[in-house]
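Remarks on the structure that follows.
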Amino acid sequence: MRTIFCLFDSLTVKALSCYGGGNIPTPNFDRLAQRGVTFDNHFVGSLPCMPARHDLHTGRMNFMHSSWGPLEPFDNSFPDILGKAGIYSHMVTDHGHYFEDGGATYHTRYSSFDFIRGQENDPWKAMVQAPVARWREKYGSSHYPMTTGRIDDPGRGRIQHLINRELGLQNTEDRPLPKCFSAALEFLDVNREQDDWFLQVECFDPHEPFEAPEEFKNAFKTGWNGDLLNWPFYQQSTNSAEEIAEVRANYAALVSMCDHYFGKLLDYLDSHQMWQDTALILSTDHGFLLAEHDWWGKNLQPYYREISHIPLIIFHPDFAHKAGTRIEALTQTHDLMPTVLDLFDLPVPAEATGQSVLPLLSGANQSHRDIGIFGMFGGPIGATDGRYDYYIYPDDLYAPGLHEYTLMPVHIRSRMTIEELKTAELTRQFTFTKGAPVMKIDALNGSQRIPAVDKRVMENLGTKLFDTQTDPSQLHPINNPEIEARLKAGMIGVLLHHECPPEIYDRLGLDPK
């Protein structure tokens, strides 16, 4: 078996016409949907970026135990398992989080990897003093606040992007997205005649900044003549309709660019007759709010469907006769690890809580799961049965008593502080650590974990229940104690299955007994 997994970042279901999106032409994503099987109720698990990848590697959700961090020494990792079974894995990515403190052990699980530099605020090109005075004339302060341009400038991340843009990303083919697909095709040129390999093509786009060349932006012109609006801060939207339209147009242009280069991969599979013996999986880590519910981004608000409901399309040569069909079963990110192992006829580790979706392709086990839950460390927890979505908040999001359980004490871009580590004690309360103790560390307010790393805080918007059949935009919460009780019971069952720490139940007022 040969398998290609294409993982885009922040690719919303609303952006894909095969999921009912009508504003962005996506002919190549649609090509895969016409050839493969589309999953209509695929949801996230742990949020955001690296926690989602933790789920993806290990086949179990991690958000109730720790925040953003590396794979643990006791964690299973599907590319590691593949390698021990003699199956070669290669990752091509421009996703810089893999090369920060909080993502440092993922890419080395693959047999080989290719890191494409220059995406977002990747510390790639060097400029001791950025020309912020010149850039202020071109880049508006609403999305590109600039003060000194020094390394200690709090806006340095966005300045670093502009440095990369000026010194290394002037031409379309210099950009990370085209380079990712070029590197993927290079892998195929060398290895397409071989068997037993896994290729992961992971593109940071269409994650912000929503920056696409003019040949893609031309189809989405809004007439906007103001500041450049392509990198909204995660916050409540107070923007005008014209500003919102411009940000959405920039996102649309970037999605169109993703679709274009994804089409090059499909063309390659066509021209080399690879569909007979190669599986192809397409998905994302999470969605993004483009001013829906008056919010930009993710992390701070309830996990509305724009964030939590994500695309999954799979082509498997053994199920080519299923072309163009759709599956209603409730699936999640952590199902992909056992699915990949199933593709290669490998056993799934006992610690995995996800389930392979391959039986669904044959028409078996259409229920798959009754309740899916999702969340972010320290935040509310969402639950869905495919129709009803329930977001349950603790009374106080920032009450003491929350702990991180880890042997890798780091945050997204920093090590945990001595103040945090002074609270650490060893515990052996979890079976998924395979007998190893872990540190139980107080989750101190003001630490560098997401989302507080940027001085942002989640807002407690209160527990809410939505019927997405009658209210697909989730604008009108309903009151139905019976449905709420059923979803809450299902949530408890999933938390118990994941050995959720007792303080989580206490925070949310849940009784696990």
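The values are calculated or read from the model by the stated rules, or taken from the named source; none is laboratory data. Note that this is a predicted model, so its numbers are computed, not measured. Cβ sites come from the backbone with ideal geometry, for glycine too, and all protein chains shown count toward neighbours.
Quick notes on this structure:
- Condition check for K298 on (1) free of Cβ contacts under 8 Å to residues at least 40 places away in the same chain; (2) out of contact with any strand residue (DSSP E or B) (no Cβ under 6 Å at 6 or more places or on another chain): one failure, at (1).
- Scan of the range 175-185 for residues that are in contact (Cβ under 8 Å) with a residue 40 or more places away in the chain, in a helix (DSSP H, G or I) and out of contact with any strand residue (DSSP E or B) (no Cβ under 8 Å at 6 or more places or on another chain), ordered by number: P178, K179, L185
- Close contacts from the range 470-496, counting a first residue that is of a type in the set (V, I, T) and a second that is surrounded by 10 or more Cβ atoms within 10 Å (Cβ to Cβ), with Cβ to Cβ under 6 Å and a gap of 6+ residues or different chains, come to I478/L465; I478/D467; I483/Y388; I492/L510; I492/P512; V494/I373.
- Hits in the range 419-461 (condition: part of a loop (DSSP other than H, G, I, E, B) and farther than 22 Å from D395 by Cα): K422, T423, A424, R428, Q429, F430, K434, G435, A436, P437, Q448
- Condition met for N23 (closer than 24 Å to M257 by Cα and out of contact with any strand residue (DSSP E or B) (no Cβ under 6 Å at 6 or more places or on another chain)): yes
- Restricting M408, M416, M458 to those that are surrounded by 15 or more Cβ atoms within 10 Å (Cβ to Cβ) and either touching a helix residue (DSSP H, G or I) at 6+ places or on another chain (Cβ under 8 Å) or at pLDDT below 95 (or both) reduces the list to M458.
- Residues located in the range 190-204, provided they are within 24 Å of the chain's Cα centre (by Cα) and acidic (D, E): E202
- Filtered residues of the range 78-109 (kept if buried (at least 23 other Cβ atoms within 10 Å of the Cβ), over 24 Å from R165 (Cβ atoms) and under 19 Å from the mean Cα position of the chain (by Cα)): F78, P79, M91, G102, Y106
- Residue count for the range 207-250 satisfying the condition of being of a type in the set (D, E) and at positive phi: 0.
- Members of the range 31-47 that are surrounded by fewer than 20 Cβ atoms within 10 Å (Cβ to Cβ) and over 21 Å from the mean Cα position of the chain (by Cα): R31, Q34, R35
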